[in-house]
Structures are given as C-alpha cells and as structure tokens.
Amino acid sequence: MDPATAKHLADEIAFLLFVLISVGFVTVLMLLQHQRRTAELIHKQIEDQDQSNMGKRLEAIEGQLQDLRALMHSQIIQQDAAQPLPPSTAVENLQHRVSQK
C-alpha cells in the first residue's frame, strides 16, 4: 500500500471515528436527559400521592373528631338527665360554663 493511500485511509478512519464518537456523545446526552425527566416525573407522582394520602387521612381524622364531639355531647346530655340540678344550681352552672369560655 502506498503512503498516499494509507494516509487517505487513516484520514477516513479518523473522520468515521469522530462521527461515531460525536453521535454516541449526543445519544448519551439525550438518554441522560430522558432519564432525568423520567425521575422528575416519578418524584412528582410520589409527592402528589403523598399529598393525596395526607388529605384523605386529614378528612378521616376530622370525621373521627366530629364523631367524638357528638359522642361527648350525648354523654353530657345523658349525665345531666341522670342527675338533674335544682333550678338555682342549674343557672349558676350555666353561668359558670359561660364565664369559662
């Protein structure tokens, strides 16, 4: 093989390697960008799910609190009915309750 042909072949191989490396580099960058976007999307979905779960738990707790208040109210009414106070004591008791608020 003469030197000119060898030089030309070496130049073509170098150019093809340059193109191959450039295409590979761009491909890797695109894959990394896609991976980053996918990870961000997954994290956002996890955060949204956590917020949704917290909202559901809060609603459940609020419902339990309302049930507890209703139960306490009914128990107070039952206790008051079981032990009726004389009229003067009932008025004083009511005034005392109002003054505490």
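The values are calculated or read from the model by the stated rules, or taken from the named source; none is laboratory data. What you see is a predicted model, and the numbers here were worked out from it, not measured in a lab. Using ideal geometry, Cβ is built from the backbone for each residue, glycine included, and neighbour counts are taken over all protein chains shown.
Just a few scattered comments:
Residue-by-condition table, conditions (1) closer than 30 Å to N93 by Cβ; (2) at pLDDT 95 or above; (3) more than 31 Å from the chain's Cα centre (by Cα); (4) surrounded by 10 or more Cβ atoms within 10 Å (Cβ to Cβ):
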residue	(1), (2), (3), (4)
M1	no, no, yes, no
V23	no, yes, yes, yes
L31	no, yes, no, yes
T38	no, yes, no, yes
I42	no, yes, no, yes
G55	no, no, no, yes
H73	yes, no, yes, yes
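- Taking the criterion of being modelled with pLDDT of 95 or more and of a type in the set (G, A, S), the only residue of segment 9-21 that qualifies is A14.
- Just one of the listed residues (Q79, Q49) is of a type outside the set (K, R) and surrounded by 10 or more Cβ atoms within 10 Å (Cβ to Cβ), and it is Q49.
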